[in-house]
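Reviewing the structure listed below.
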């Protein structure tokens, strides 16, 4: 089987998993899944031989740097080795004044509203190791492991194949970040603030299992995808499929704007029926000299991850970054979210219904710009716009080393 034929078999197999109506148990033992594994083994064998089937006597390093365009945010095999490892470690300290939303711990919450007492505690926010393996000339396999002491999480975040079809077209299949919006899709190692906005947390799907085709035509970048719709849970709970799309237009070298859409359904833990939703987003980016301005508006009709029910949600953020020099960035970030425009709880600090806002004053000190090796300091001023008002201001500090 030729390399290109093998690539097509893998992608068709993934498509079969995505569009088939099999149960979760059937998926685990499905023929497409077995075909993927066998094809990957075949591809690995092919990379160890020359195209004509004879052993390749050239012991020089494999050329893995892709000359083709790749979508923003994707990992690349730009090392001179067929297998490349990279990762990031983030050590974090969160102020107890942020409150606690998980009664089983004393850790300060990362988002939202809470007046429950917390403790100022250090934690490993993220410890991630990624591997990018070149399976064929234009085919990469990417896998990323994740560990977080806050929740005791240890799992795979990324596990997908990436086929660079040509210099303007890329197809991904597996588990990876959905192309929707900017702040959520952007790597956590590159964000302006330590924690993302509530709007992104409520309305961004994060990683999911599916297919995404991305391309670039002139000044226009685009992505279309189809997913199972259950985030990191590889189960086709409601047999429905999510679809997503993102368009980004580069007006100039300094200015670009984008639109995103996501339609699907989500089955909450313990539920038997999917909760449908439609989400839309607008993004804006401007950079001139030392100044960077970024903004995003997100809208949701249906289920979101804060209200956890059928609701209308609206939120967004505006961020300004000023680069003092090679070492220092100053950040002013404002964000807001109403997770349910039709409901208010006036008696309690209800994270699922009440509107709120946040102002972040930040300073980022870079020991190295690329890859990002930095110390981040944030002071968050939180306001409850609905329901009871109480102090929830506090600081966050993070040390980050990316390699």
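Points to keep in mind about this one:
- Strands (runs of 3 or more DSSP E) wholly inside segment 162-275 containing at least 2 residues that are surrounded by fewer than 22 Cβ atoms within 10 Å (Cβ to Cβ) and not assigned by TED's automatic domain parsing to the domain that holds residue 359: none
- Taking segment 81-98 as the range and being in a loop (DSSP other than H, G, I, E, B) and modelled with pLDDT of 90 or more as the test, the residues that pass are 82, 95.
- Residue within segment 347-354 that is in a strand (DSSP E or B) and either at pLDDT 95 or above or more than 24 Å from residue 257 (Cβ to Cβ) (or both) present: no
- Segment 298-315 - residue that is closer than 17 Å to residue 205 by Cβ and in a strand (DSSP E or B) and, of those, nearest to the chain's Cα centre (by Cα): 298
- Selection within segment 136-161: residues that are in contact with a strand residue (DSSP E or B) (Cβ under 7 Å, 6 or more places away or on another chain) and in a loop (DSSP other than H, G, I, E, B). The member of this set that is nearest to residue 88 (Cα to Cα) is 149.
- Test result for residue 126, out of contact with any helix residue (DSSP H, G or I) (no Cβ under 9 Å at 6 or more places or on another chain), in the same structural domain as residue 398 (by TED's automatic domain parsing), in a strand (DSSP E or B) and on the phi < 0 side of the Ramachandran plot: no
- Residues of segment 351-379 satisfying the condition of being closer than 13 Å to residue 99 by Cβ and more than 23 Å from the chain's Cα centre (by Cα): 356
- The single condition from (1) farther than 20 Å from residue 94 by Cβ; (2) in contact with a helix residue (DSSP H, G or I) (Cβ under 6 Å, 6 or more places away or on another chain); (3) outside any loop (DSSP other than H, G, I, E, B) that residue 337 fails is (1).
- Residue within segment 153-160 that is within 23 Å of residue 319 (Cα to Cα), surrounded by fewer than 16 Cβ atoms within 10 Å (Cβ to Cβ) and under 15 Å from the mean Cα position of the chain (by Cα) present: no
- Test: residue in segment 356-364 that is farther than 27 Å from residue 91 by Cα and in the same structural domain as residue 260 (by TED's automatic domain parsing): yes
- Residue 367 being under 16 Å from residue 322 (Cα atoms) and surrounded by fewer than 18 Cβ atoms within 10 Å (Cβ to Cβ): no
- The criterion of being surrounded by 19 or more Cβ atoms within 10 Å (Cβ to Cβ), at pLDDT below 95, in contact with a helix residue (DSSP H, G or I) (Cβ under 9 Å, 6 or more places away or on another chain) and more than 30 Å from residue 212 (Cα to Cα) holds for residue 108.
- In the condition set (1) surrounded by 20 or more Cβ atoms within 10 Å (Cβ to Cβ); (2) outside any loop (DSSP other than H, G, I, E, B); (3) out of contact with any strand residue (DSSP E or B) (no Cβ under 7 Å at 6 or more places or on another chain), residue 287 is compliant with all but (1).
- For segment 209-241, the set of residues classified as within 30 Å of residue 334 (Cα to Cα) and at pLDDT below 95 consists of 229, 230, 231, 232, listed by residue number.
The values are calculated or read from the model by the stated rules, or taken from the named source; none is laboratory data. Owing to the predicted nature of the structure, the values given are computational and were not obtained by experimental measurement. Cβ coordinates were reconstructed from backbone atoms using ideal geometry, including for glycine residues, and neighbour counts include every protein chain displayed.
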